[in-house]
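Heads up, the thing below is written out as structure tokens.
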Amino acid sequence: MPRLSQWFVRAALLHLALGFTFGALMLSNKGVPFYPLLWRLLPAHIEFLLLGWTLQLALGVAFWIMPRFWEAPARGNETGAWVAFVLLNLGVWAVAIAGVFALPAAVTFVGRVLEVGAAVAFAIHIWPRVVPRTG
Ligand code: HEM
């Protein structure tokens, strides 16, 4: 597994652990209310599990298994994929923190822009690798 995929998958697992923990806290708080402010974790729960875990795992595995080139570098120009990794994680945390701490909407907006940037950067990297391969 290439180094970037290791980073993607490890970061994804970290978000899975945090997202599930936040979900479990909210769920138990729903059954036996003990700390109403725990509801503030909902935006982070959603962000960590939908993008931090699911999307991040998909990107990490895609970078690893999509068709490679015959000549080196096997995965072409990797810059876009690395940029995507950084932007996605910055974006996810910006949106999550903005939600949890009720920060101004501008912070959420910046986070979303970073996430869109991550999608564009990854698409630029992966586009030339979307080719048929036989054998
Ligand atoms: C990949 C897994 C998961 C994803 C993508 C996910 C996503 C979401 C989303 C989108 C919501 C908002 C739903 C809404 O507002 O209508 C939500 C709410 C919630 N989730 Fe999760 N979730 C996941 C796993 C879990 C787990 C494992 C737990 C508990 C251990 C959990 C507990 C909760 C709770 C308590 C709420 C609030 C429900 C309410 O509004 O009453 N989630 N989740």
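Solvent exposure of segment 1-120, expressed per residue, is 58 Å² of accessible area, with all protein chains present and a 1.4 angstrom probe.
Note on PHE69 and MET26: the model spin-label points, each 7 Å out from Cα along the C-beta direction, lie 4.3 nm apart.
Assuming R0 = 25 Å, what is the FRET efficiency of VAL130 and ALA105, from their Cβ-Cβ distance, to the nearest 0.05?
Details: r = 36 Å, r/R0 = 1.42.
FRET efficiency, VAL130 to ALA105: 0.10.
I need the trypsin sites (Lys or Arg not before Pro) found in segment 33-135, filtered to DSSP loop residues with at most 12 other beta carbons within 10 Å of theirs.
Numbers: sites: ARG40, ARG68, ARG75, ARG112, ARG129, ARG133; in loops: ARG68, ARG75, ARG133.
Sites meeting the loop and neighbour criteria: ARG133.
Could you tell me the relative contact order of segment 86-135? Use alpha-carbon pairs under 8 Å, at least six residues apart, and round to a whole percent. Numbers along the way, then the final one.
On the way: 38 pairs, mean separation 19.7, N = 50.
About 39 percent, as a whole number.
With the cut-off at 1.5 for a/c, could you classify segment 1-122 from its C-alpha gyration tensor as rounded, prolate or oblate? Oblate shape, in that a/c is at least 1.5 and b/c is the bigger or equal ratio. Each part reduced to its alpha carbon centroid, segment 81-124 and segment 28-55 end up 18 Å apart.
Could you tell me what percent of the accessible area of the chain is made up of carbon and sulfur, with a 1.4 Å probe and every protein chain present? Don't jump to the answer; show the numbers that get you there.
On the way: 6170 of 8040 Å².
Roughly 77 percent, rounded to a whole number.
Hydrophobic, long helices, defined as DSSP H runs whose alpha-carbon span along the helix axis is 20 Å or greater and whose mean Kyte-Doolittle value is at least -1.0, occur in the chain at 3-31, 79-100, 105-126. Summary value for the chain: 27 percent relative contact order, contacts being C-alpha pairs under 8 angstrom separated by 6+ residues.
The values are calculated or read from the model by the stated rules, or taken from the named source; none is laboratory data. Predicted, not measured: the structure shown is a model, and the values here were computed from it. In this analysis, Cβ positions are derived from the backbone assuming ideal geometry, glycine residues included, and neighbour counts consider all displayed protein chains. Just so you know, the surface numbers come from the protein's heavy atoms only, side chains and all, with ligands and any DNA or RNA stripped out. Shrake-Rupley method; radii C 1.70, N 1.55, O 1.52, S 1.80 Å.
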